[in-house]
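Working notes, structure below.
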Amino acid sequence: METVGVGMIGAGSMGMVIAEKLAELNPRIKINSIYDPDQRSIDNALNILPPPVTVHDDYKSILNSPHTDWVMISSWNCYHKEQVIASFEAGKNVFCQKPLAVNLEECKEIYESHKKHNSLFNIGFTLRYSPHYRKIKELIDDGAIGYIVSMEFNETLDFNHGGYIMGDWRRLQKYAGTHLLEKCCHDIDLANWIINSRAKRAASFGGLNFFIPENEHHIDRIGKDQNGKPAYSTWFGLINENPFTSEKDIVDNQIAILEYENGVRASFHTNCNAGIPERRMYILGSEGAIRADVLTGIIELKRIGFDTKIIDKSTGASGGHGDGDDVLARELADSMINNSVPAVGIEAGLLSSVTSFAIDEAMNTGTVIDIEKYWSHIFDD
């Protein structure tokens, strides 16, 4: 049977999670080439992927290969625009980890290139594939709580997760974009999808208030874990700076208020040093409410009324990605084998990124941002 050749541009941990699952799902999918500037990532990938796998010293040689049908891009965010567009121009289908790109113009260029070329595109919004969030979306669409009036949602991180971000390459906007874009674009995407509208106005406040040099003493205050790793440093990446003293230009806490074109209003909160981590949603509708947290897997629904009770709608999916990685890999494999259109594509990546840019502009300027200027620039210019 005809095989599908897959080339990997970037072989970091998030890319390898999906690549390993793909390699196990269908023998027709052959991950046959990789490029990564870090030898540690190359060595790890070669230990995981079934041979033969060719290591390239330039990502363009992967695109020039007639044996490459799909490209999986898991590079640093600042390289997404160049690599995605080059893949489209080479006639390849693309899976790209989030976010789409690091600024508005790069997103627009990717969007225009995608319209020009007949390529399939899938963005790695893993949470969209989670049975947890798909259940919430199903309940909303079925009218279980009437129409949405307002909602609040958050992503508050375990302190070691926050320390990892503040010591990794993601701490610098030149590589990753803002914290909201890099880490929370998943959450913005979920809100856009569940509300089923585009954001119209945004306000935001945030700052770097905890991961600063004078708070370094918290490492000693908490001590080491059972494996002897110091607090705030139990996650290890390619770069491991001290999270309190490292050079950085991202925030460690931020709140945002959004108003959508369909009238729904939403608030979002992120913090990188949480005693009780959450990825929670509280959705208030005209006839009821949904309260859910993917970390615990709980989904609760209660209709408005005198004698109504809270109903457990949990799916059993829980954890940081809500078991979405397995579903994503299965559906990506289907796209690769059958050329089916991905469930989460270019528009989802674009809407999430643009909403994030507007929120960050609101934070940086201290003003309420009319997001229509972004949409008109993307879609009307």
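Among the residues of segment 335-381, just one is of a type in the set (Asp, Glu), in a helix (DSSP H, G or I) and over 23 Å from the mean Cα position of the chain (by Cα), namely Glu372. Of Ile283, Ile255, all but one fail to be in contact (Cβ under 8 Å) with a residue 24 or more places away in the chain, touching a Gly at 6+ places or on another chain (Cβ under 8 Å), under 21 Å from Lys200 (Cα atoms) and in a strand (DSSP E or B); the exception is Ile255. Kindly check whether there is at least one residue in segment 269-278 that is in contact (Cβ under 8 Å) with a residue 24 or more places away in the chain, in a loop (DSSP other than H, G, I, E, B) and under 22 Å from Asp189 (Cα atoms). Looking for residues that are in contact (Cβ under 8 Å) with a residue 24 or more places away in the chain, in a loop (DSSP other than H, G, I, E, B) and under 22 Å from Asp189 (Cα atoms), one finds at least one in segment 269-278, hence yes.
When restricted to residues that are buried (at least 16 other Cβ atoms within 10 Å of the Cβ) and out of contact with any Gly (no Cβ under 9 Å at 6 or more places or on another chain), segment 1-39 contains 15. For segment 1-47, a residue qualifies if it is at pLDDT 95 or above, under 22 Å from Gly324 (Cβ atoms) and in a loop (DSSP other than H, G, I, E, B), and exactly one does: Gly10.
Of all residues in segment 207-228, exactly one satisfies the criterion of being within 18 Å of Asp249 (Cβ to Cβ) and of a type in the set (Val, Ile, Thr), namely Ile212.
Among the residues that make up segment 294-307, is at least one of them of a type in the set (Asp, Glu), in a helix (DSSP H, G or I) and modelled with pLDDT of 95 or more? No.
Considering Asp334, Asp370, Asp360, the condition of being touching a residue at least 24 places away in the same chain (Cβ under 8 Å) and out of contact with any helix residue (DSSP H, G or I) (no Cβ under 8 Å at 6 or more places or on another chain) is satisfied by Asp370 alone. Quick one: would you say Phe244 is aromatic (Phe, Trp, Tyr), assigned to a loop (DSSP other than H, G, I, E, B) and farther than 30 Å from Glu82 by Cβ? Considered against the rule, which asks whether it is aromatic (Phe, Trp, Tyr), assigned to a loop (DSSP other than H, G, I, E, B) and farther than 30 Å from Glu82 by Cβ, Phe244 comes out as yes.
Only one entry in Ala203, Ala199, Ala231 is in contact (Cβ under 8 Å) with a residue 40 or more places away in the chain, in the same structural domain as Asp370 (by TED's automatic domain parsing) and more than 22 Å from the chain's Cα centre (by Cα), namely Ala231. Restricted to segment 135-156, and to residues there that are touching a residue at least 60 places away in the same chain (Cβ under 8 Å) and part of a helix (DSSP H, G or I), the residue that is surrounded by the most Cβ atoms within 10 Å (Cβ to Cβ) is Ile136. Determine whether segment 252-259 contains at least one residue that is buried (at least 23 other Cβ atoms within 10 Å of the Cβ), at pLDDT 95 or above and small (Gly, Ala, Ser). Yes - at least one qualifying residue is present in segment 252-259.
Considering only segment 227-268, how many residues are of a type in the set (Ser, Thr, Tyr) and under 20 Å from Arg198 (Cβ atoms)?
So the answer is 2.
Confirm whether Val71 is buried (at least 19 other Cβ atoms within 10 Å of the Cβ), modelled with pLDDT of 95 or more and assigned to a helix (DSSP H, G or I). Considered against the rule, which asks whether it is buried (at least 19 other Cβ atoms within 10 Å of the Cβ), modelled with pLDDT of 95 or more and assigned to a helix (DSSP H, G or I), Val71 comes out as no. Residues in segment 91-119 that are surrounded by fewer than 19 Cβ atoms within 10 Å (Cβ to Cβ), assigned to a loop (DSSP other than H, G, I, E, B) and either in contact with a Cys (Cβ under 8 Å, 6 or more places away or on another chain) or touching a residue at least 40 places away in the same chain (Cβ under 8 Å) (or both): Asn103 alone.
With the condition kept exactly as written, say whether any residue in segment 53-65 is on the phi < 0 side of the Ramachandran plot, outside any helix (DSSP H, G or I) and among the basic types (Lys, Arg).
Looking for residues that are on the phi < 0 side of the Ramachandran plot, outside any helix (DSSP H, G or I) and among the basic types (Lys, Arg), one finds none in segment 53-65, hence no.
The values are calculated or read from the model by the stated rules, or taken from the named source; none is laboratory data. Because the structure is a prediction, the values reported are computed rather than measured. Methodologically, a virtual Cβ is constructed for each residue, glycine included, from the backbone with ideal geometry; neighbour enumeration extends over all protein chains shown.
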